[in-house]
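*Asks:* Attaching a single structure in structure tokens format; questions to follow.
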Amino acid sequence: MKKVVKIEGLDCANCAKVLEGEICKLSDVESAQINFVKSELSFEAEDVDKALKNIIKCAKKVEPEAKIVCGEVKKSNKNPFFILDLCLFAVGLAIGILTLVFEKKLPDWAFWTMFVVSALLMGSKTYLKALMLLFKGVVNENLLVTISVVGATLVGEHMEGLMVVALYTIGKILESLAVNKSRKSIAELTNLTPEYANLVKGDVIEVVSPKDVEVGSVLLVKVGEKIPIDGKVIEGSCSLDTQSLTGESVPVTVRVGDNVLSGAIVLDGVLKIETVASYENSTASRIMSLIEDASEKKSKTETFISKMTKWYTLGVIVIALAVWGIVWAATGNLDNAIYRGLIFLVVSCPCAFAISVPLTYFSGIGNASRKGILIKGSNYLDACAKMNIVAFDKTGTLTTGQFSIESVEVLDKDLKEKDVLFLAAVGEQYSLHPLAKAIVLANDKKLPKAKNVTEKAGEGVYFDFKDKHYFVGRKDRSSSKTLVELFEGKKKLGEIVLVDTIKPTAEVACNALSQMSVKTVMLSGDGAEAVKSVAEKIGLDEYNSALLPEDKFHWIEETKKDKKNFVGYVGDGINDAPSLMLADVGISMGISGSSASVEASDIVLVDDNPNKVPLAIKLSKFTRGVVWQNIILSAGIKLIFLILGAVGVTGMLEAVIADVGVTVLAVLNSMRALKYTPKK
């Protein structure tokens, strides 16, 4: 069984990895993962309650400041422990300054007493963590700082010893504030979940949890409230703020009969809606689930950084010893050699890498979700940035999918047009395909139930009605028109010809992709005439018609054989699921898309807008760019100060400032991925 709990007070990415490792070692825990950005621990165990008790004990030993919250997290801006830490640090800093100012005037016992008290007040938690983890065979940056303080003191650099712990502690405080600000910003961006629903029961309105609302219930939504569950408007009209869902700032007007999505905010008027989905299957809940799951799918870069930091600190200590040995051999000065080795330890703390990389990816994913693009993991974000070919399905993807019937051809003398439409609708009522919906809507009779209904992707629906076996769908691919055929057994009863309209944003999307040197292709099961017409109007580079699902699959398979090609596929139907899974990046439509296509895809476009595809690529490229900026910035500055420290140009103070500064800069730079909006 899997359980997710919150962790408070965990503001160090490396400490989070250490704690995660220790929890994974527990005998009654099958697996565990800490999401540092979201402050969450997810674990699996047969006996969850027993495992949780052992996890809490483990956390107290490994990371005393971390608090595992089992119940609901209470929001509070006050943190008494943080304030206490600041007070102790301030007192320690003041004592340290007095100690160093009056060093020559103080007797030895007074100097050393004040020095030790100052060092303990400013860095007691750092030393304690270092020792506790060392006994468990774990070395991290706390040990590096502790060794540096003790080493500097032993070689007579008292001031630098105190300044190391002072600057390190200040850096951790700034780092904590920056990380918490990022967490808060991400939480605000992705906070779509309504807290309550106004359930209408006759003349009474009952405030309930959205989770307790059943499909078909009637809800009242007032001005300023979020729509709690997907539904259809049955009374009232208003303007809706859908920016949190789609990223579009222009309000949307809805009236009776219109569908509304959970998470949208009522700006004026009052709506009565009839729910068409459960809370778990509503848009806001699905978006939150996708965002939460995204953290589990890491990019190669993020995975590498995570693995690197596990051995990084130990490697730093080994190299520091080598630096000490080389400098001692070269100069013959033991104290100076030790001092240069300590500088190496200080500047090599891996915090900048460990924090900024996952924080940047999560910021990018959070920003994309705010714009109506749900990216299921940082690995898919990286893949999206590399796409150079985008293949589109036609119906429901580049076109509205809202078909209208152009004509009905009757091939059986005993039937009329309305009879062909009725029989076709009896079978099509079980399909989610746009053509099926149009046929069902065009029928003016109440539809009876069919028997032995089977839908075959790429063909149509087989069903029994009044002891006869029917098929409605497409078997003849020779016609270039968009049509649906009706068969009784092997006998064709009629053909229904339908027409579709192109989405207004489709042409904009293809133009934007062309400007980015991304090749655009359409793969459609429709006839050549209809496909050619749409492709020419939109401006696609290539198009293919009369394709079965397996044909689309093989086209992607063949295209991917050229390693230079990185293929994205955009679709919405159940027949698109195989292609979505095979493509390097599968992109599905969030509203019209089937559950199979949404499940198979790597990216979901909440509002079915194809123009979000180039936006997703731009956001992905920017986020990936920020990740590499942080890696290069952190590695570059550290390397420069390592060399300068080793040859004696810089001292320990500069090393601490470099380490703290680059960490804070990397965290602040990561937040750019949260705010970025590409220019149109």
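The values are calculated or read from the model by the stated rules, or taken from the named source; none is laboratory data. For clarity, every value in this text was computed on a predicted model and none was experimentally measured. Cβ atoms come from the backbone with ideal geometry, glycine included; neighbour counts cover every protein chain shown. With ligands, DNA and RNA removed, areas are computed over all heavy atoms of the protein, side chains included. Shrake-Rupley method; radii C 1.70, N 1.55, O 1.52, S 1.80 Å.
*Asks:* Inspect segment 379-400 for any residue being among the charged types (D, E, K, R) and over 21 Å from the mean Cα position of the chain (by Cα) and give the result as yes or no. Even if it seems obvious, please write down each step before you answer.
*Replies:* Of the residues in segment 379-400, the ones among the charged types (D, E, K, R) are 382, 386, 393-394.
Okay, now just the ones that are also over 21 Å from the mean Cα position of the chain (by Cα), so 393-394.
Yes, the conditions are met somewhere in segment 379-400.
*Asks:* A further question on this structure: Residues in segment 648-663: is at least one open to solvent by less than 10 Å² (accessible area, probe 1.4 Å) and over 20 Å from Glu141 (Cα atoms)?
*Replies:* There is no residue in segment 648-663 that is open to solvent by less than 10 Å² (accessible area, probe 1.4 Å) and over 20 Å from Glu141 (Cα atoms).
*Asks:* Pull up segment 571-587, narrow it to residues that are aliphatic (A, V, I, L, M) and more than 19 Å from the chain's Cα centre (by Cα), then point me to the one that is surrounded by the most Cβ atoms within 10 Å (Cβ to Cβ). Step through it out loud before you land on a result.
*Replies:* Keep residues of segment 571-587 that are aliphatic (A, V, I, L, M), which gives 574, 577, 580-583, 585, 587.
The next check asks that each one be more than 19 Å from the chain's Cα centre (by Cα); those that pass are 574, 577, 582-583.
Numbers: Ile574: 20, Ala577: 24, Leu582: 18, Ala583: 30.
That would be Ala583.
*Asks:* A follow-up question, please. Pick out the one residue from Glu550, Glu654 that is acidic (Asp, Glu), within 30 Å of Leu432 (Cα to Cα), at pLDDT below 90 and out of contact with any strand residue (DSSP E or B) (no Cβ under 7 Å at 6 or more places or on another chain). So that I can check it myself, show each step before the final result.
*Replies:* Values: Glu654 fails: within 30 Å of Leu432 (Cα to Cα).
Within the list Glu550, Glu654, the selection yields Glu550.
*Asks:* Open to solvent by 50 Å² or more (accessible area, probe 1.4 Å), at negative phi and touching a residue at least 12 places away in the same chain (Cβ under 8 Å): is that true of Ile375 in this structure?
*Replies:* Values: open to solvent by 50 Å² or more (accessible area, probe 1.4 Å): no; at negative phi: yes; touching a residue at least 12 places away in the same chain (Cβ under 8 Å): yes.
For Ile375, the condition - open to solvent by 50 Å² or more (accessible area, probe 1.4 Å), at negative phi and touching a residue at least 12 places away in the same chain (Cβ under 8 Å) - is not met.
*Asks:* Looking only at segment 622-642, decide whether some residue is out of contact with any strand residue (DSSP E or B) (no Cβ under 8 Å at 6 or more places or on another chain), surrounded by 21 or more Cβ atoms within 10 Å (Cβ to Cβ) and closer than 25 Å to Lys552 by Cα.
*Replies:* no
*Asks:* When segment 215-237 is examined, which residues are found to be surrounded by 16 or more Cβ atoms within 10 Å (Cβ to Cβ) and on the phi > 0 side of the Ramachandran plot?
*Replies:* Gly236
*Asks:* Residue by residue through segment 534-566, note down the ones that are among the aromatic types (Phe, Trp, Tyr), without any contact (Cβ under 8 Å) to a residue 60 or more places away in the chain and not in a helix (DSSP H, G or I).
*Replies:* Quick first cut of segment 534-566, residues among the aromatic types (Phe, Trp, Tyr) only: 543, 553, 555, 566.
With the extra rule that they be without any contact (Cβ under 8 Å) to a residue 60 or more places away in the chain, the set shrinks to 543, 553.
Once the filter is applied, which keeps residues that are among the aromatic types (Phe, Trp, Tyr), without any contact (Cβ under 8 Å) to a residue 60 or more places away in the chain and not in a helix (DSSP H, G or I), segment 534-566 yields only Tyr543.
*Asks:* Please go through (1) closer than 28 Å to Val613 by Cβ; (2) aliphatic (A, V, I, L, M); (3) open to solvent by less than 20 Å² (accessible area, probe 1.4 Å) for Ile439 and return the number of the only condition it doesn't satisfy.
*Replies:* All conditions are met except number (1).
*Asks:* Still on this structure, I have one more. Provide a single number: the residues in segment 565-586 that are among the hydroxyl-bearing types (Ser, Thr, Tyr) and at pLDDT 90 or above.
*Replies:* To start, the set of residues in segment 565-586 that are among the hydroxyl-bearing types (Ser, Thr, Tyr) comprises 569, 579.
Within this subset, residues satisfying the condition of being at pLDDT 90 or above are 569.
So the count comes out to 1.
*Asks:* Within the set of pairs 6 or more residues apart or between chains, which connect a residue that is closer than 19 Å to Asp85 by Cβ and open to solvent by less than 100 Å² (accessible area, probe 1.4 Å) inside segment 50-67 to a residue that is at pLDDT below 85 and outside any helix (DSSP H, G or I) with Cβ atoms less than 6 Å apart?
*Replies:* Partner pairs satisfying both residue conditions: Ala59/Ala66; Ala59/Ile68; Glu65/Gly9; Ala66/Ile7; Ala66/Gly9; Ala66/Leu10.
*Asks:* Take segment 93-139 and flag every residue that is assigned to a loop (DSSP other than H, G, I, E, B) and either touching a strand residue (DSSP E or B) at 6+ places or on another chain (Cβ under 6 Å) or open to solvent by less than 50 Å² (accessible area, probe 1.4 Å) (or both).
*Replies:* Listed by number, the residues that qualify are Leu106, Val138, Val139.
*Asks:* Does Thr309 count as within 32 Å of the chain's Cα centre (by Cα), at pLDDT 60 or above and in a helix (DSSP H, G or I)? Before the answer, list the steps.
*Replies:* Details: within 32 Å of the chain's Cα centre (by Cα): yes; at pLDDT 60 or above: no; in a helix (DSSP H, G or I): yes.
It is false that Thr309 is within 32 Å of the chain's Cα centre (by Cα), at pLDDT 60 or above and in a helix (DSSP H, G or I).
*Asks:* Looking only at segment 313-326, which residues are in contact (Cβ under 8 Å) with a residue 60 or more places away in the chain and either surrounded by 22 or more Cβ atoms within 10 Å (Cβ to Cβ) or within 39 Å of the chain's Cα centre (by Cα) (or both)?
*Replies:* Thr313, Leu314, Val316, Ile317
*Asks:* Of the numbered conditions (1) surrounded by fewer than 21 Cβ atoms within 10 Å (Cβ to Cβ); (2) touching a strand residue (DSSP E or B) at 6+ places or on another chain (Cβ under 6 Å), Glu428 fails exactly one; give the number of that condition.
*Replies:* If we test Glu428 against (1) surrounded by fewer than 21 Cβ atoms within 10 Å (Cβ to Cβ); (2) touching a strand residue (DSSP E or B) at 6+ places or on another chain (Cβ under 6 Å), just (1) comes out false.
*Asks:* Now a separate question. Please state which of the following conditions Ala528 fails to meet, knowing it meets all the rest: (1) in contact with a Leu (Cβ under 8 Å, 6 or more places away or on another chain); (2) among the aliphatic types (A, V, I, L, M); (3) open to solvent by 20 Å² or more (accessible area, probe 1.4 Å); (4) without any contact (Cβ under 8 Å) to a residue 60 or more places away in the chain.
*Replies:* Evaluating Ala528 over (1) in contact with a Leu (Cβ under 8 Å, 6 or more places away or on another chain); (2) among the aliphatic types (A, V, I, L, M); (3) open to solvent by 20 Å² or more (accessible area, probe 1.4 Å); (4) without any contact (Cβ under 8 Å) to a residue 60 or more places away in the chain leaves (1) as the failure.
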